[in-house]
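Quick notes on the structure that follows.
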Amino acid sequence: MMIESHSLINEFPEHKKAIHNLKTGNHHFAKLFDEYHDVDKEIHRIEEGVETSADPYLENLKKKRLQLKDELFSIIKTASLVRTG
(Lines give C-alpha, C1' and ligand atoms only; values in the text may rest on other atoms or scores of the structure.)
Protein backbone atom coordinates (compact mmCIF):
# COMPACT_ATOMS: atom_id res chain seq x y z
CA MET A 1 0.00 0.00 0.00
CA MET A 2 1.36 3.40 -1.01
CA ILE A 3 1.22 5.91 1.81
CA GLU A 4 0.86 9.53 0.77
CA SER A 5 3.55 11.94 1.85
CA HIS A 6 2.34 14.85 3.93
CA SER A 7 5.62 16.74 4.10
CA LEU A 8 5.05 20.48 4.12
CA ILE A 9 6.82 20.86 0.76
CA ASN A 10 4.45 18.28 -0.76
CA GLU A 11 1.45 19.95 0.83
CA PHE A 12 2.42 23.47 -0.30
CA PRO A 13 4.87 23.19 -3.24
CA GLU A 14 4.04 26.72 -4.39
CA HIS A 15 5.45 28.03 -1.08
CA LYS A 16 8.73 26.08 -1.13
CA LYS A 17 10.89 29.22 -1.00
CA ALA A 18 8.82 30.82 1.78
CA ILE A 19 9.00 27.60 3.80
CA HIS A 20 12.78 27.51 3.46
CA ASN A 21 13.11 31.19 4.43
CA LEU A 22 10.83 30.76 7.43
CA LYS A 23 12.65 27.61 8.60
CA THR A 24 15.94 29.49 8.64
CA GLY A 25 14.69 32.87 9.85
CA ASN A 26 11.74 32.26 12.18
CA HIS A 27 12.40 30.21 15.33
CA HIS A 28 8.70 29.68 16.08
CA PHE A 29 8.03 28.44 12.54
CA ALA A 30 11.07 26.14 12.66
CA LYS A 31 9.87 24.63 15.95
CA LEU A 32 6.36 24.02 14.58
CA PHE A 33 7.86 22.66 11.34
CA ASP A 34 9.94 20.11 13.27
CA GLU A 35 6.96 19.13 15.42
CA TYR A 36 4.79 18.72 12.30
CA HIS A 37 7.33 16.41 10.69
CA ASP A 38 7.84 14.40 13.90
CA VAL A 39 4.08 13.79 14.12
CA ASP A 40 3.91 12.98 10.40
CA LYS A 41 6.74 10.43 10.72
CA GLU A 42 4.99 8.77 13.67
CA ILE A 43 1.76 8.53 11.66
CA HIS A 44 3.65 6.96 8.74
CA ARG A 45 5.31 4.41 11.01
CA ILE A 46 1.92 3.38 12.40
CA GLU A 47 0.29 3.25 8.94
CA GLU A 48 3.18 1.16 7.58
CA GLY A 49 2.85 -1.29 10.46
CA VAL A 50 6.30 -0.50 11.90
CA GLU A 51 4.62 0.58 15.15
CA THR A 52 1.29 -0.43 16.58
CA SER A 53 -1.27 1.91 18.01
CA ALA A 54 -4.88 2.10 19.06
CA ASP A 55 -7.13 3.82 16.53
CA PRO A 56 -8.00 6.75 18.84
CA TYR A 57 -4.28 7.52 19.29
CA LEU A 58 -3.73 7.53 15.51
CA GLU A 59 -6.76 9.76 15.00
CA ASN A 60 -5.46 12.20 17.63
CA LEU A 61 -2.10 12.29 15.86
CA LYS A 62 -3.83 13.08 12.56
CA LYS A 63 -5.79 15.88 14.22
CA LYS A 64 -2.57 17.27 15.70
CA ARG A 65 -0.88 17.13 12.27
CA LEU A 66 -3.81 19.02 10.74
CA GLN A 67 -3.74 21.67 13.49
CA LEU A 68 0.01 22.15 13.01
CA LYS A 69 -0.40 22.33 9.23
CA ASP A 70 -3.09 24.99 9.60
CA GLU A 71 -0.90 27.03 11.94
CA LEU A 72 2.14 26.69 9.66
CA PHE A 73 0.09 27.65 6.61
CA SER A 74 -1.19 30.72 8.40
CA ILE A 75 2.40 31.81 9.05
CA ILE A 76 3.37 31.08 5.44
CA LYS A 77 0.44 33.14 4.09
CA THR A 78 1.23 36.05 6.43
CA ALA A 79 4.88 36.00 5.38
CA SER A 80 3.89 35.86 1.70
CA LEU A 81 1.55 38.83 2.14
CA VAL A 82 4.25 40.86 3.88
CA ARG A 83 6.70 40.21 1.03
CA THR A 84 4.22 41.02 -1.73
CA GLY A 85 2.29 43.72 0.04
Sorting Phe12, Phe73 on solvent-accessible surface, 1.4 Å probe, most exposed first, gives Phe73, Phe12
Percent of Cα pairs exceeding the 16 Å cut-off, where the set is the chain | 54
Of the accessible area of the chain, computed with a 1.4 Å probe and all protein chains kept, carbon and sulfur make up a percent value of 54
On a 0 to 90° scale, report how tilted helix 16-25 is relative to the longest principal axis of the chain, with both axes built from alpha carbons and the result rounded to the nearest 10.
-> 80
Which FRET efficiency value, to the nearest 0.05, do you get for Gln67 and Glu4 by plugging their Cβ-Cβ distance into 1/(1 + (r/R0)^6) with R0 = 22 Å?
-> 0.75
Count the lysine pairs in the chain whose Cα atoms lie under 19 Å apart, taking only pairs 8 or more positions apart in sequence or on different chains.
-> 21
By how many degrees, 0 to 90 and rounded to 10, does the Cα axis of helix 55-84 deviate from the longest principal axis of the chain?
-> 10
Difference of contour (0.36 nm per residue) and Cα-Cα distance, Lys31 to Glu47 = 3.3 nm
Compute, for Ser5, the solvent-accessible surface of its heavy atoms (probe 1.4 Å) with the complete set of protein chains present, and express it in square angstrom to the nearest 10.
-> 50
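The values are calculated or read from the model by the stated rules, or taken from the named source; none is laboratory data. Values in this document were obtained by computation on a predicted structure and should not be read as measured data. Please note: Cβ atoms are built from the backbone with ideal geometry, for glycine as well, and neighbour counts cover all protein chains shown. Each accessible area value is taken on the protein alone, full model and side chains, heavy atoms only, with ligands, DNA and RNA left out. Shrake-Rupley method; radii C 1.70, N 1.55, O 1.52, S 1.80 Å.
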